[in-house]
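First the structure, in the form of structure tokens, and then the observations on it.
The values are calculated or read from the model by the stated rules, or taken from the named source; none is laboratory data. Only a predicted model underlies this, so the values are computations on that prediction, with no experimental measurement involved. Cβ atoms come from the backbone with ideal geometry, glycine included; neighbour counts cover every protein chain shown. SASA here: full protein model, heavy atoms, side chains in, ligands and nucleic acids out. Shrake-Rupley method; radii C 1.70, N 1.55, O 1.52, S 1.80 Å.
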Amino acid sequence: MALAAEAAELMEHFLWVSPEASAVIAGQTAKRHKIEEELADIVIYALEFANITGIDVAAAVEKKMAANAAKYPVEKARGRAEKYDEL
Ligand SMILES: [Mg+2]
């Protein structure tokens, strides 16, 4: 629950903002510091969860990246936002 709350705090900085304006916001020194703090909170809670549950984060990331590569082959997915079953 804390992880979701921290993710929401990060997203608040970009709510209703275009991708272009989001990049500008992320580059503003004062905002960037707050954004970095929220991102750190998310990573801290995620790593704490991994420690408590005994999940090997590096192995889980490698496994998921391989699954994503199989689901979203570059030749089909590049430049598209559709879900894997709609490519
Ligand atoms: Mg926070």
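Quick one: accessible area per residue over the range 1-41, 1.4 Å probe, rounded to a whole number of Å²? Please list the in-between numbers first.
Numbers: 3100 Å² over 41 residues.
That works out to 76 Å² for each residue.
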Quiz prompt | Area accessible to solvent at Lys83, 1.4 Å probe radius, in Å² | solution = 110 Å²
Quiz item: Mean residue ellipticity at 222 nm from the helices of the chain, using -39,500 (n - 2.57) per DSSP H segment of n ≥ 4 over the full residue count, to the nearest 500 deg cm²/dmol?
Solution: -23000 deg cm²/dmol
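Which order do peptides 33-42, 49-58 fall in by mean Cβ count within 10 Å, highest first?
33-42, 49-58
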Exercise. Sort the chain into rounded, prolate or oblate with this rule: let a ≥ b ≥ c be the square roots of the eigenvalues of the Cα gyration tensor; rounded if a/c is under 1.5, and if a/c is not under 1.5, prolate when a/b is larger than b/c, oblate otherwise.
Key: oblate
Exercise. Report, to the nearest whole %, how much of the accessible area of the chain belongs to carbon and sulfur atoms, 1.4 Å probe, protein only.
Key: 63 percent
